[in-house]
Amino acid sequence: MTARDRPGLRYVALGDSYTIGTAVDPAESWPDQLVAALADAPGPHAPLQLVANLAVNGRTSAELVREQLPELRRWHPEFVTVLIGVNDVVRGIPAMTYEANLRATFDALLVELSASRIVTVGIPDYTVTPRGADHGDQAQQSREIAAFNAIMAAMSVERGVRHVGVFDLSRRAATDRSLVAVDGLHPSGAQYGLWVQRIVPVVSGLLARRPEAVSDRPA
């Protein structure tokens, strides 16, 4: 039996424009590409079924907590991805506030899911795109994105959640414009494909393991 023949785990994606796939066809968003790639990947991992992409263009970490987490529960997720933070950077939200919102996000998710059924993804560096200068000083914004990525990565490790960085991949768009969507700002489907190549081994490894029961984790 192949992955395509087995019933998929209920997958819900949380985030902002990078997860909903602003300026690309829905099938080119990275969550959709991830589901398709896992279905074709060899190995004993369970497949995923994307039952809801709750990401919304322009959302911050606070809005994810306020809007997406309550909506998440009605989908009874068995696997969740989180990519959030670029709009916190653009709006000048302090790093401490971002960190507090991430803690609230992890707290809520880990009530519902094992850590092995959650993956976080880093913020790409939009400053190298043709429209990167539209959102503030490019060098400063790039540094802040890197700093917010460090917060997400550290908190993921702290909570036993796997984190996948894509910052370096996104910076290839500085010299390869095929990695930029038609709006001149967001990643193209081709760039999301590069992300998925990096995400698939992490997710397939997690999905090949039996998840720790939520009730078995220490309080």
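Among residues of the range 38-62 that are at positive phi and at pLDDT 95 or above, those with a beta-carbon under 8 Å from a residue that is among the small types (G, A, S) and outside any loop (DSSP other than H, G, I, E, B) at least six positions away or on a different chain give the pairs G58/S17.
Counting only helices (runs of 4 or more DSSP H) that sit completely within the range 115-207, those holding 3 or more residues that are within 26 Å of L69 (Cβ to Cβ), open to solvent by less than 20 Å² (accessible area, probe 1.4 Å) and touching a residue at least 12 places away in the same chain (Cβ under 8 Å) correspond to 138-158, 189-207.
The values are calculated or read from the model by the stated rules, or taken from the named source; none is laboratory data. Small disclaimer: the values here were computed from a predicted structure and weren't measured. Every residue, glycine among them, receives a Cβ derived from its backbone with ideal geometry; neighbour counts consider all protein chains shown. Side chains included, ligands, DNA and RNA excluded: accessible areas come from the protein's heavy atoms. Shrake-Rupley method; radii C 1.70, N 1.55, O 1.52, S 1.80 Å.
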